[in-house]
């Protein structure tokens, strides 16, 4: 028996899928997230899904995959212990100086930099110096190190980041500091920049190492607690967690490199959306993932999600490979409010899972997007989350009337439409950030909508952007959880080696790649991945540039002919990305990369024979849509009663066990063999 469970914890709900590959069975479940201890909600869901479907006696056969927003939440809310920094003498302020750029708006005269994760009084410089080639210029002063560590311990530091100036070229001094720290402050976790992000650019490397140190203690405690509780339930195989690069890694590796788990949950949604797109023959897509607290948007081109090696986490630079996404504070629980000038705003504050939207009846007082959708008839008060939660229309109406409608002099229905219009304008802008801002026309793409709240808005967003094709997965509320089962084991390694491409030392580069490949192979073996492969790549730039492009290196011996092919590929890629090429300009190698991949799993979604014909609605109900606050009767369909191959015209409401899809008039829905809904704009 081959069983897999994927769990994605969001701000409001924890999504769970159970896949029995042998039997071709796919089961989904949503349970409330338990912010006080995420493992409580996770274990409750795992017990329920294996018990309800008869797998309680097969727990030992279950492989567990996990996605979470825990890391992001810790950084955003600054919920962690005090951490210290050990760096090269004279460079303690690198973390605060940063870069001379205002993000995200260089013209914002009110912009102020983020406070560094490590305040100045907890940053210590020690005497040492290694040059950019890795040669020791000045030895490490171990007495200096011991004095710095003891002072940090007196200041109640509970984790330490170590980032020396040129440790990427030679980690010997950092490794020695770690050994001394084990003597001076046993039990205190130490993050070394040479193990977290072995690249040049000391600011980004220091920031990444600080992020890692900031979250290592709470992440380790959480993963240890979750693994122990899973084992108590009989789920004792190696557990895996989604990382920012779109692959998974074992809990043990994640505890040493928690910074790599950045955007874990949203990235799982991108992976899941891409897997569904591939199965449907779609190579150009935009994923729109809307949950309870935020919306995440990403672009897929030629069957691959966009990625970056220089991202950020809550505004802090992070120098690790990750899928490129845009996150905005617009989720089902995002709160509608009126600013001092009398303008209607939505988000970024969220009601979360506790107390949640007003209509949940759990004490929430501020109206949210979910409350507005309920008032507009788009949600079924008696069939929310498959009928497990009753929504209270009267509470939602009262909250919107008191907080929005009366202050703005409008009806409750007009206020609800206003809330949805403001929220959707933010979502449209987010989609433009990953497409139009990159010179890409979104009309050439399919918009894939998922998440508990995503399908409520996806077709409306497509209309606003001129997109004619929409895809809604068969279990839209659980795509991130299913994406965990579509991801390969993946581990990235990098070494900075700056040199002109034409005059590179081929033997030295072969030796460097061999070390990286060996380390990558070891990571696969540690995770019991026996069918893996190692991919090589180079970061290249034109001489004088401050940014790079990553180009694959074929699995063959390096030689000058290969470098000429790579150079041409770089010129072509540079023209594609930036619109120009400099054929006679020198190209520099910046970084060597190796990526270990543990084999791509089979697509988890089961298929069935197409029946064809028209789907039959189960009811009708009044729905408010567009600018007109008057209601009209719309057909309502239940997904569980829809067969593969069936069709339905808009307008339509489709009620899923964990989500609801809104399709206005002028669109046609067709369900494929996996019962993913393909929604196409009718020709005029």
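Quick note: the coordinates plus some simple rules give every number you see, no bench work behind them. What you are looking at is a predicted structure, and each value in this text was computed from that prediction instead of being measured. Using ideal geometry, Cβ is built from the backbone for each residue, glycine included, and neighbour counts are taken over all protein chains shown.
Classified by the C-alpha gyration tensor, segment 77-215 has an oblate form. Its axis ratio a/c, with a ≥ b ≥ c, is 1.5 or above, and a/b does not exceed b/c. For segment 17-153, the spread of Cα positions along the three principal axes, ordered from largest to smallest, is 64, 44, 32 Å.
Two numbers describe the Cα atoms of segment 340-441: Rg and Dmax, which are 15.2, 46 Å.
Ordering 593, 47 by the number of other Cβ atoms within 10 Å of each residue's own Cβ, fewest first, gives 47, 593. First check a/c for segment 1-70, with a ≥ b ≥ c the square roots of the eigenvalues of its C-alpha gyration tensor; if it is under 1.5, answer rounded, and if not, answer prolate when a/b is larger than b/c or oblate otherwise. The shape class here is prolate. Peptides 572-583, 21-32, 442-453 ranked from most to least packed by the mean count of surrounding Cβ atoms within 10 Å: 442-453, 21-32, 572-583. Modelled spin-label separation between residue 48 and residue 175, with each label point placed 7 Å from Cα along the Cα-to-Cβ direction: 4.9 nm.
Rounded if a/c is under 1.5, else prolate if a/b beats b/c, else oblate: with a ≥ b ≥ c from the C-alpha gyration tensor eigenvalues square-rooted, which is segment 619-681? It comes out prolate by the Cα gyration axes. In terms of other Cβ atoms within 10 Å, 203, 65 run from fewest to most in the order 203, 65. Computed from the Cβ-Cβ distance with R0 of 25 Å, the FRET efficiency linking residue 349 to residue 111 stands at 0.70. The Cα-based radius of gyration and maximum Cα-Cα distance (Dmax) for segment 490-597 are 14.5, 47 Å.
Note on residue 547 and residue 408: their simple-model spin labels are 3.7 nm apart, each label 7 Å out from Cα toward Cβ. With the simple spin-label model, which puts each label point 7 Å out from Cα in the Cβ direction, the residue 665 to residue 99 separation comes to 5.0 nm.
Rounded to the nearest 10 degrees, the inclination of helix 560-578 to the longest alpha-carbon principal axis of the chain is 40 degrees.
Normalised by the number of residues in the chain, the mean separation of alpha-carbon contacts (under 8 Å, six or more apart) gives a relative contact order of 12 percent. By the count of neighbouring beta-carbon atoms within 10 Å, fewest first, 242, 249 end up ordered 249, 242.
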